[in-house]
1. Which of the pairs Lys449/Lys485; Lys268/Lys381; Lys485/Lys522; Lys15/Lys62 have their Cα atoms more than 20 Å apart in this structure?
2. If I take R0 = 51 Å and measure r between the Cβ atoms of Ala412 and Ala277 in this structure, what FRET efficiency does the formula 1/(1 + (r/R0)^6) give, to the nearest 0.05?
3. Run the simple label-point estimate for Met403 and Leu479 please: 7 Å along Cα→C-beta, distance reported in nm.
4. Among Asn460, Thr387, Ser238, whose Cα projects farthest towards the positive end of the dipole of the chain, with charges put on the beta-carbon of Lys, Arg (+1) and Asp, Glu (-1)?
5. If the viscosity is 0.692 mPa s and the temperature 37 °C, what Stokes-Einstein diffusion coefficient in µm²/s follows for segment 126-182 when Rh is the Kirkwood radius over Cα pairs?
6. Per residue of segment 261-275, what does 6.51 cos²θ - 1.76 cosθ + 1.60 with θ = phi - 60° give for ³J(HN,Hα)? Whole Hz please, x for Gly and Pro, Karplus curve as stated.
7. Leaving ligands, DNA and RNA out of it, work out the accessible area of Phe104 with a 1.4 Å probe and give it in Å² to the nearest 10.
8. Which of the aspartates and glutamates could a cross-linker bridge to Lys300, judged by Cα under 18 Å and excluding same-chain residues fewer than eight apart?
Amino acid sequence: MSSSADCSREGESSKWLDAHYDPVAGLNTFSSCIALADLHGDGDFKMVAGDIGSGPFNMKLKVYKGTSLMSENALLDMPTGVAAFLMDQNEPRTPAVAVASGPFIYVYKNLRPYFKFTLPALEINPLEKEVWDQAKEDKIDPLTLKEMLDGIRDKAEIPLSVRSLRFLMLEQQEMEAFVNTYKQLPLKRQVGLPSVPALLDVNGQYDIEYRITVACRNGNIYILRRDSKRPKYCIELSTQVVGMVRVQKNIIIGTSQEILLGYSQKGKRLWTVTLPAPIMTMALLEQKSRSIQAVLVGLKNLEVHLYRDKNLLSVISTPDIVTSLCFGRYGREDDTLIMTTQGGGLIIKILKRTAHFEDKDTAPGPPTGQSIKLNVPKKTKLYVDQTLRERENAVAMHRVFQMDLYRLRLSAARAYVKALDASLAPVSSTMQEPLTLNAAVQGIGPRFKLILNLQNTSVNRPSMQLLISFLYDEQLYRLRPAFFKVPLLVPGLNYPIETFVDCCTDKGISDIIKVFVLREGKSTPLLTAHINMPVSEGLVAG
């Protein structure tokens, strides 16, 4: 087992080049906070990462070139997302960097602050605002404030703001300090979904058509489309979502129960894969040169799994738990995998140009080929008419089918009983003489060689005092001999018995020769075989 595991590790390591590993890089971030972009338009791609830092006030926007830190800018709040985008048509086309931090989106141009966008506040529940105004004027204490907010949350149509929700989760000794901190600030609500969004994926163009996939804290995933005020589809899960990646038209979801799920963009479940460890992070791997799209899944057991649909393509072992993943062009290499670890380390690997991935279906169930959709033809008018007729006469058709089925079973049972009673079967039906008989005809005529294979199928009892007799049309055939004794049959051995059949007619017709196996002194055969004789090629010489 160890040798095979070592061989598999060697095979996986041969696909990746270890470009760089710095265990003390001091980079703490998530997959959503890493972006690769050509910031200066020179073809040399840099890595932009939103570092959450090791404390509450050490957040920075870091830019890496190769293996070294190029620059960094301080952030006022924890970053939740980083994206590179083109904001103008000027040459050379250099992308800007957008950083989501707190209630703001900061845009950097040429690595300098360029614009700050404040998220618009949504409608506030008037009862909630009145309660906070009373707390601002010290008319109610924190315990009364909590009771009133609880009542509003259970009955109000407009959801509570983030501040109220955070307040309701506090312990009693923390409430007074929270109220004193926030009671002078204006109340804002920034959540327009049934629950707080945790993960976000956007696909399409704003002016034409787009889909926004949102994973919320209530364990549900909502899919919004253009001009839709409410979510178009909803995927209800029984556990929390820890990772979400879109692959073409499918949505790959990682849950806290160590399960990877595949859904269509309309919310239909396609497949399920059970993972060996909890999921830490997920990212998309897109190799454009080979048109490969797969999902990178960082696990807590120091491994990174690569899945295409439910098939495992590769396993990468890491020295520490991976907390973020990013795949794309870095520097001048097209296929670069960047990973950060739980201890703040930075790992850079390059996918070899000769690497070849093979699907390994690790999930139990049907094989991979069974999931390929068949090219089903379109429904014809005849098919639709037949379907309507079956719907209208379903009960009558079912009764006719059941009646025909019962008749078929009855006919089969009668034929079987008749064959047993008359010993017409080539297998003996009595346990006292368990025998089998096979017959073969050799030759083209007019003389045929008839070979009978007789076998005793009992365990330890031989068969003796047996006779073989033939019944045939004497005007067509002549047998020499037509009746003879069978030697003692030892259990388990096959006894070939040969005889010759002469055809006596030149009319080109054939008939059946019946073979009977009997016991001496009894007229009822133990078993019977019917031999269909072939047509003779000539007439035997008289």
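1. Over 20 Å Cα-Cα: Lys268/Lys381; Lys15/Lys62.
2. With R0 = 51 Å, the Cβ-Cβ based efficiency is 0.35.
3. Computed distance between label sites Met403 and Leu479 equals 4.6 nm.
4. Thr387
5. Calculated translational D: 290 µm²/s.
6. Per residue, the Karplus-derived 3J(HN,Hα) values read 10, x, 10, 7, 6, 9, x, 8, 6, 9, 7, 9, 10, 8, 9 Hz.
7. Approximately 50 Å² for this residue.
8. The reachable aspartates and glutamates, counting only those whose Cα sits under 18 Å from Lys300, are Glu258, Asp320.
The values are calculated or read from the model by the stated rules, or taken from the named source; none is laboratory data. Nothing here was measured: the structure is a model prediction, and the numbers come from that model. So basically every Cβ, Gly included, is an ideal-geometry build from the backbone, and we count neighbours across all protein chains shown. Calculation scope for accessible area: heavy atoms of the full protein, side chains included, ligands and nucleic acids excluded. Shrake-Rupley method; radii C 1.70, N 1.55, O 1.52, S 1.80 Å.
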